[in-house]
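The values are calculated or read from the model by the stated rules, or taken from the named source; none is laboratory data. Just so you know, these numbers come straight off a predicted model, no measurement behind them. Using ideal geometry, Cβ is built from the backbone for each residue, glycine included, and neighbour counts are taken over all protein chains shown.
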Amino acid sequence: MTLYHPACCSALDDHDPLPQPLAGSHLISTRFDPALLHSEDFTRCAIAPVPGVAKRQSEYLAGRLCAREALRRLTGQASVPSVGSDRAPQWPHSVVGSITHGDGWAAALVAPQRQWRAIGLDVEQLLPIERALRLQAEILTAAELERLRGLDDAARALRISLTFSFKESLFKALYPLTLTRFYFHDAELLQCEAQDTRLRLLIDLNQQWQSGAELSGQFALFDGKVLSQVAVTA
């Protein structure tokens, strides 16, 4: 059976742009255009609609289409994650996953729970220099700001964009394990290399995830965007 594919989304792509794909995982992506969203796309895709403007609806639809295909490849069942009361995707038993969308691009990453306890995926458009410098104090801790000393404005803006995205990925990875919300100044980016990024918690989330806990991540840059990932091994 061929599933309907809306005109607002490009063909689903299984290329994983990250340097080291997670073992057993599937990453599916698509590009989306809100201007091409049709009023019947949700019904034809058999996906429950969400309220909002065309941008919100098209990015949600794109993310769920990616998630459905990723789950089909992982489990054999083309299911669509529902939305929990906390707005987080509800993944099938034995599966962990993450959905992201931004700047006309959406992706979903799923993996078996026996290998990964949690994963976080986030895409962001790279911040223009002026905006990055304006937002840096909201995103970075004092220690992170100190590490930017000596960088020119372009390098500083890139690091700010990377930090923003990684803290989003960190939240997506740890929230399902702790059910505790935390914010930009509650974690710090210690090291930032494409295949070897390190982050550290600065607050206690629960008995297992406490201040000082460190996690690893990775990222890729493409089309003026950063895609970051944080994963917790089983």
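Among the conditions (1) of a type in the set (Asp, Glu); (2) on the phi > 0 side of the Ramachandran plot; (3) modelled with pLDDT under 95, the only one that ASP223 does not satisfy is (3). The set of residues in the range 1-58 that are out of contact with any Gly (no Cβ under 6 Å at 6 or more places or on another chain) and among the basic types (Lys, Arg) comprises ARG44, LYS55, ARG56. Residues that are charged (D, E, K, R), crowded, with 16+ Cβ neighbours inside 10 Å and in a helix (DSSP H, G or I) within the range 141-189 comprise GLU144, ARG147, ARG156, ARG159, LYS167, GLU168, LYS172, ASP186, listed in sequence order.
The listed residues are LEU189, LEU227, LEU221, LEU202, and the only one of them that is over 18 Å from the mean Cα position of the chain (by Cα) and of a type outside the set (Ser, Thr, Tyr) turns out to be LEU202.
Could you tell me whether any residue of the range 200-210 is assigned to a strand (DSSP E or B), among the aromatic types (Phe, Trp, Tyr) and in the same structural domain as GLU168 (by TED's automatic domain parsing)? Checked against the condition, which is being assigned to a strand (DSSP E or B), among the aromatic types (Phe, Trp, Tyr) and in the same structural domain as GLU168 (by TED's automatic domain parsing), the range 200-210 yields no hits at all. Between ALA70, ALA88, ALA78, ALA106, the distinction of being at pLDDT below 95, surrounded by 14 or more Cβ atoms within 10 Å (Cβ to Cβ) and within 20 Å of ALA46 (Cβ to Cβ) belongs to ALA78 only. Every residue in the range 211-224 that is touching a residue at least 60 places away in the same chain (Cβ under 8 Å), surrounded by 12 or more Cβ atoms within 10 Å (Cβ to Cβ) and either among the hydrophobic types (A, V, I, L, M, F, W, C) or not assigned by TED's automatic domain parsing to the domain that holds ALA173 (or both), please. If the condition is that a residue be touching a residue at least 60 places away in the same chain (Cβ under 8 Å), surrounded by 12 or more Cβ atoms within 10 Å (Cβ to Cβ) and either among the hydrophobic types (A, V, I, L, M, F, W, C) or not assigned by TED's automatic domain parsing to the domain that holds ALA173 (or both), then PHE219, ALA220, LEU221 are the ones that fit.
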